[in-house]
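Here's the structure, in structure tokens; my notes come after.
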Amino acid sequence: MFYVALKIISYDKVRSFITLLGVVFAVSLIFAQMGIYLGLMETSSIIIDHTPGDIWITSKNCKNFDFSQPLPEYLYYHVLSTEGVQWAEKLIVTWGIIKQKEGGTEQVEVVGYNPDTGIGGPWKMKIGDSRAVKNGNFTIVDDSAKRRLGDVKVGEYREVLWKRLEIVGISQDVKSFTTAPIIFTSYRLAQKLDPNWIGPDKTVFVIAKVSPKYSVEQVIKNLKKRLKGVDVYSKESFSMKTRLYWTIETGVGFSFLLTISISFLIGMLIVGQTIYNSTVEHIKEFGTLKAMGASNFDIYKLIFSQALINALLGYFMSLIITLLSVKIYEATEMVMVVNMWVNVLILGLTMLMCLSSALVSIRKIKKIDPAILFRG
Amino acid sequence: MDAAIVTKDLTKIYAEGRIEVKAVSSVTLQLNEGEVVGLLGPSGSGKTTLLSMIGCILRPTDGSIKIYGNEITGMDETTLPNIRKKYISFIFQGFNLFPALTAIENVLLILKLKGINKNVSNQRAKDLLTVVGLSERMHFLPRDLSGGQKQRVAVARALAANSPIILADEPTGNLDYTNGRKVMEILRNLAVEQKRCVVVSTHDNRIEDIFDRILLMEDGQIINEKRRLS
């Protein structure tokens with residue numbers, strides 16, 4: 001049946017081309033939307049995901065990584081002395097204003113980390129060393145910030161929250177979800193940059209590593225028992241919480257879901273209409289097969305095979321287009337995720353789109369009026 | 001001769017709103033293996049309706065139909081395809097060949113649906129297309145064949161299925177006299193040779209001599225029966 005379906009498709013080249021174009025359009029759009037969405041989500045929790053440690057202690061009702069409240073710094077010592085904690089580290093995430101070289105200001109997200117351990121700091125350096133922010137008014141700017149901050153160079157000075165900071169390194173891959181560039185400073189400098197909000201006795205997160213003999217769940221339980229007025233998350237759940245916040249609370253997820261749904265629907269309509277037209281055109285031939293003993297199922301196989309061929313051809317062409325366009329997205333500083341998981345999911349969606357679009361034709365076959373066979 | 005088809009008081013009434021039209025009325029007949037039967041009559045006489053009912057694709061309003069002893073009037077939609085698959089093939093006025101498939105592929109498709117082995121199918125399809133005079137054109141698409149050639153493919157397809165009953169509805173309707181006669185002669189010779197029961201619905205009086213038996217229909221009833229003088 002697959003061979004017959006292939007012959008039917010290749011016979012009507014114009015119609016098949018239009019169908020294929022429709023599938024490619026819809027599937028490429030789904031690839032792009034899903035890839036960009038996952039890229040954004042990856043970016044939103046990128047620092048959590050790249051920071052060693054198993055547990056994050058945050059302020060009560062913290063919604064995400066970017067907007068957490070300060071905590072008393074002494075909690076760090078409580079965490080450190082809790083049973084099952086191997087080590088703990090403090091991390092500050094706050095917001096600041098940076099003065100542009102040519103005037104004007106930009107908002108930046110300031111991440112203050114301990115340069116001795118590097119925990120919470122940049123994990124990939126293009127220029128310099130992540131420990132270079134120690135003991136001074138130093139900062140590391142991410143390479144992706146160039147679009148907003150201009151051509152930043154090591155050795156240059158920039159004013160952040162009214163303090164003159166020297167750029168001592170350029171990090172890589174720390175793209176910001178909020179579009180405000182991420183800059184790194186030492187933990188102590190971050191406390192001084194915003195003394196009214198953070199101050200010398202406050203931190204924003206405490207990150208803990210679980211000792212090998214303990215489970216993460218067990219240590220979370222111990223920490224929750226010991227610490228009051230804070231939230232305790234595993235690294236994975238805090239990462240997910242951040243991603244879900246941006247997905248649900250901001251409508252980003254809905255907007256992407258809507259576009260994916262519309263693309264799915266467009267693809268379904270195009271494939272459905274073509275297969276339906278083809279079925280109507282071949283109704284007498286199908287009827288003849290049915291009259292000669294072919295079951296409805298035999299004919300369904302033929303129709304579903306046509307849908308499947310459209311799905312597979314359309315999918316692989318879209319995949320090629322998507323892989324080629326990833327570089328273009330990267331050039332615009334957008335992150336587009338195309339991995340095996342996404343590929344399999346979209347293959348499933350494409351098959352579902354094409355096969356469900358064939359259902360209208362199936363209905364037509366089911367209701368073939370035998371009388372049509374006897375009309376010349 | 002064994003009875004291939006037996007009908008008793010076969011009736012079909014079409015309801016159009018409150019109006020009832022009796023398309024076939026109390027037809028009782030027996031059609032046997034190895035005979036070629038012509039169903040003749042003017043347009044609207046009920047030939048096609050009768051053919052549809054004995055072909056198990058239209059349910060009668062009343063009466064009974066037996067195909068090789070199987071009472072089919074009470075059978076459900078899941079059983080009927082099996083009866084058709086086992087016993088019945090069709091030839092239609094409009095040929096109904098898949099335009100995307102070559103002559104041989106159109107024949108092979110039926111064989112595939114019947115679950116016949118690929119090698120056997122290939123040989124049978126080639127043999128039959130040769131018998132109907134299309135050995136040179138078996139790899140042609142229907143669009144590259146004449147009307148007569150297309151109908152010969154349809155005949156080969158009907159015979160390929162090895163069904164003991166072949167029902168043909170106006171098989172010469174789209175053909176000129178010479179081609180129509182040629183197709184009918186091929187059909188007759190093969191049917192007699194292979195002991196098939198062939199029922200042909202037609203209003204073409206010029207091919208009367210092809211049939212062993214002629215059933216003349218009018219207003220849904222068989223009003224006359226003529227037998228061929230051997």
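The values are calculated or read from the model by the stated rules, or taken from the named source; none is laboratory data. Being a predicted model, the structure only gives us computed values, none of them experimental. Please note: Cβ atoms are built from the backbone with ideal geometry, for glycine as well, and neighbour counts cover all protein chains shown.
The criterion of at least 2 residues that are crowded, with 20+ Cβ neighbours inside 10 Å and within 14 Å of chain B (Cβ to nearest Cβ) is met, among helices (runs of 4 or more DSSP H) falling completely within region A:1-68, by A:2-11.
The condition of being free of Cβ contacts under 8 Å to residues at least 60 places away in the same chain and over 20 Å from residue A:43 (Cβ atoms) holds for only one of A:89, A:166, that being A:166.
Can you say whether residue A:272 is more than 30 Å from residue B:100 (Cα to Cα), at pLDDT below 90 and surrounded by 15 or more Cβ atoms within 10 Å (Cβ to Cβ), as far as the supplied structure shows? The answer is no for residue A:272. When residues in region B:186-200 are screened for being in a helix (DSSP H, G or I) and either in contact with a helix residue (DSSP H, G or I) (Cβ under 7 Å, 6 or more places away or on another chain) or not charged (D, E, K, R) (or both), 7 of them pass. Summed over region B:188-230, the residues that are in contact (Cβ under 8 Å) with a residue 24 or more places away in the chain, among the basic types (Lys, Arg) and surrounded by fewer than 22 Cβ atoms within 10 Å (Cβ to Cβ) give a count of 4.
Here are some conditions: (1) of a type in the set (Lys, Arg); (2) out of contact with any helix residue (DSSP H, G or I) (no Cβ under 7 Å at 6 or more places or on another chain); (3) within 14 Å of chain B (Cβ to nearest Cβ). Residue A:284 meets all but one. Which one does it not meet? The number of the failed condition is (2).
So is residue A:131 surrounded by fewer than 22 Cβ atoms within 10 Å (Cβ to Cβ) and in contact (Cβ under 8 Å) with a residue 40 or more places away in the chain or not? In short, no.
Could you go through region A:222-236 and let me know if any residue there is in a strand (DSSP E or B), modelled with pLDDT of 95 or more, of a type in the set (Ser, Thr, Tyr) and not assigned by TED's automatic domain parsing to the domain that holds residue A:127. Checking region A:222-236: at least one residue is in a strand (DSSP E or B), modelled with pLDDT of 95 or more, of a type in the set (Ser, Thr, Tyr) and not assigned by TED's automatic domain parsing to the domain that holds residue A:127. Looking across region B:56-86 at every residue that is in a strand (DSSP E or B) and more than 17 Å from the chain's Cα centre (by Cα), the one that is nearest to the other protein chains (Cβ to nearest Cβ) is identified as B:70. If you check residue A:285 against the conditions, is it at pLDDT below 90 and touching a Pro at 6+ places or on another chain (Cβ under 9 Å)? In short, yes. As a summary of the residue check, residue A:296 satisfies the conditions (1) within 10 Å of chain B (Cβ to nearest Cβ); (2) under 30 Å from residue A:42 (Cβ atoms) except for the one numbered (2). Is it the case that some residue within region B:46-53 is in contact (Cβ under 8 Å) with a residue 60 or more places away in the chain, surrounded by fewer than 19 Cβ atoms within 10 Å (Cβ to Cβ) and either under 18 Å from the mean Cα position of the chain (by Cα) or in a strand (DSSP E or B) (or both)? No, the conditions are met nowhere in region B:46-53. The set of residues from region B:120-169 being without any contact (Cβ under 8 Å) to a residue 40 or more places away in the chain, of a type in the set (A, V, I, L, M, F, W, C), crowded, with 18+ Cβ neighbours inside 10 Å and outside any loop (DSSP other than H, G, I, E, B) comprises B:125, B:128, B:129.
Restricting attention to region B:88-119, the residues being more than 10 Å from every other protein chain (Cβ to nearest Cβ) and either surrounded by 20 or more Cβ atoms within 10 Å (Cβ to Cβ) or at pLDDT 90 or above (or both) number 4.
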